[in-house]
Amino acid sequence: MDREAVVSLHDVDFAFDDHPVLQDVQLEIAGGDFVSLIGPNGGGKTTLLRLVLGLLEPDRGTVRVFGRPPAQARGRIGYMPQFALLDEQFPVTVADVVLMGRLARRMPLGPFRSADRGVARRALAEVEMADLEQQPFSALSGGQRQRVLIARALACQPDLLLLDEPTASLDPGVQDDLYELLHQLKERMTVVLVSHDVGVVSQHVDRIVCVNVQVAQHPASAIKGELANLFTSRGGMCLVHHEQDTGRE
């Protein structure tokens, strides 16, 4: 895979109602990277993802995805949001959910084409959910739902996959299965995920990006083992020394 920058943020500031959320962000993610964003609640992780998606515009600085403004590159990005709102009474099937990932590529009017359905089936097969495509989405377990939502993101045939807390509330065994899937996907695309569990995620990703208004980066190897214990659940604290004046997280 191309090792040139897939995501670039330079001198980026962003605020909500004059409250700084991100300040002076410098970040580059290369093709083939497997990266985790970690940090406290409200530290700016999801905001950073939304800037990369082009759903938000920075107050200062530049954001580029595949060398272009994010809105122009959105067709190459697959996104799994943190919360999937679902009316439990709405009769949507697994296949219907995955086909939502084809909405940007379908014809403006009319049903999905056979080609769209073929892409959705292949995405379900890749996450090992093809045998459940006609099952109600609401009947699935938490781990199964996460796999289906990843399949929805894959249905747009992305080169960059963004996932916001994909392992939240999953049992450890199910988390391991999900990380194994992400390792497979990383062979052909860049993967960026948000996580609070640095002790687990540092065993899987290549690089950790600490986000708490400002940003600092570390190779995952630097925070494995005993050092991972310095990342506590109390406030999502990141107790790793940052050489630059980025503050403590």
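The values are calculated or read from the model by the stated rules, or taken from the named source; none is laboratory data. In this text, all values refer to a predicted model and were calculated from it rather than measured experimentally. Using ideal geometry, Cβ is built from the backbone for each residue, glycine included, and neighbour counts are taken over all protein chains shown.
Annotations for the structure displayed:
So that you can scan it fast, the table gives a plain yes or no per residue for (1) crowded, with 18+ Cβ neighbours inside 10 Å; (2) in contact with a Leu (Cβ under 8 Å, 6 or more places away or on another chain); (3) over 26 Å from Thr47 (Cβ atoms):
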position: Ser141; (1), (2), (3): no, no, yes
position: Gln146; (1), (2), (3): yes, yes, no
position: Cys156; (1), (2), (3): yes, no, no
position: Gln175; (1), (2), (3): yes, no, no
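- Residues of segment 22-43 that are modelled with pLDDT under 95 and touching a Leu at 6+ places or on another chain (Cβ under 6 Å): Ser36 alone.
- Candidates are the residues of segment 22-61 that are touching a residue at least 24 places away in the same chain (Cβ under 8 Å) and among the acidic types (Asp, Glu); the one that is surrounded by the most Cβ atoms within 10 Å (Cβ to Cβ) is Asp33.
- Scanning segment 101-123 for residues that are within 24 Å of Leu140 (Cα to Cα), surrounded by fewer than 16 Cβ atoms within 10 Å (Cβ to Cβ) and either of a type outside the set (Lys, Arg) or modelled with pLDDT under 90 (or both) yields Leu103, Gly118.
- Residue that is farthest from Leu160 (Cα to Cα) [pool: residues in segment 76-100 that are at pLDDT below 90 and either in a helix (DSSP H, G or I) or among the aromatic types (Phe, Trp, Tyr) (or both)]: Phe90
- Within segment 1-44, the set of residues being farther than 14 Å from Ala216 by Cβ, under 17 Å from the mean Cα position of the chain (by Cα) and part of a loop (DSSP other than H, G, I, E, B) comprises Gly31, Gly32, Asp33, Asn41, Gly42.
- Any hit, segment 222-233, residues being buried (at least 19 other Cβ atoms within 10 Å of the Cβ), under 23 Å from Asp13 (Cβ atoms) and modelled with pLDDT of 50 or more: no
- When restricted to residues that are in a loop (DSSP other than H, G, I, E, B) and within 12 Å of the chain's Cα centre (by Cα), segment 159-188 contains 3.
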